[in-house]
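Notes to accompany the following structure.
The values are calculated or read from the model by the stated rules, or taken from the named source; none is laboratory data. Remember, it's a predicted structure, so these values are computed and weren't measured experimentally. Cβ sites come from the backbone with ideal geometry, for glycine too, and all protein chains shown count toward neighbours.
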Amino acid sequence: MTSNQAEGNHEHEVQAAATSLADLPEGVQSIVDALDDKRAVDVAVLDLRGVSETLDCFVVATGESGLQLKALEESVHVRLKAEGMYPRAVEGPSERWVLLDYGPVVVHLMSPEARDFYDLDGLWADAQRVEVTPH
C-alpha cells in the first residue's frame with residue numbers, strides 16, 4: 001500500500017467516525033422517535049454508506065411480542081406518513097420480523113429471538129453506529 005492509499009483510507013475512517021444525525025437520510029429521527037413512543041428495545045441506527053454500495057441506513061429495533069412489533073410498525077408508518085414519507089415496500093408483518101423499506105432507510109423490527117438469530121448488528125459490524133436520542 002502506498003502512503004497516498006494509506007492516507008486515503010485514514011481519511012475515510014475519520015469521515016465514517018464523524019457520522020451524525022445531520023448526515024443521515026431524512027426520517028431517521030422520526031423513526032427513532034416513533035419507536036421510542038412504543039417502547040422499542042435496543043434501537044440501533046447503522047450508517048451503511050461506508051460499507052455498502054447499495055444501502056444507506058438501517059434502523060434495527062426489538063419488539064418483545066408480536067403485538068408490540070405491530071404497534072412499532074404502525075407508529076413508524078403514522079409518523080412518517082404525517083411527514084409525507086411512504087414505504088416502498090413492507091415485508092411481513094410476522095411474529096418475528098417486519099421490514100419497512102423507506103428507500104435510503106430500511107427499518108428492521110424484530111423479536112428478540114429473530115434479532116439474536118439473524119444478528120444484523122454483527123453482520124454489519126463494520127458499519128458506523130450512530131447515536132440518535134429520541135425527542
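At a glance:
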read-out	value
Single unsatisfied condition, LEU55 versus (1) modelled with pLDDT of 95 or more; (2) outside any helix (DSSP H, G or I)	(1)
Pairs, first among the charged types (D, E, K, R) in region 95-109, second crowded, with 21+ Cβ neighbours inside 10 Å, C-beta under 7 Å, six or more apart	ARG96/MET110
Residue under evaluation VAL106, criteria (1) surrounded by 15 or more Cβ atoms within 10 Å (Cβ to Cβ); (2) among the β-branched types (Val, Ile, Thr); (3) assigned to a helix (DSSP H, G or I), criterion not met	(3)
Count of residues meeting criterion [within 24 Å of GLN128 (Cβ to Cβ) and part of a helix (DSSP H, G or I)] in region 80-103	1
Count of residues meeting criterion [closer than 19 Å to GLU131 by Cα and either acidic (Asp, Glu) or more than 13 Å from the chain's Cα centre (by Cα) (or both)] in region 42-78	5
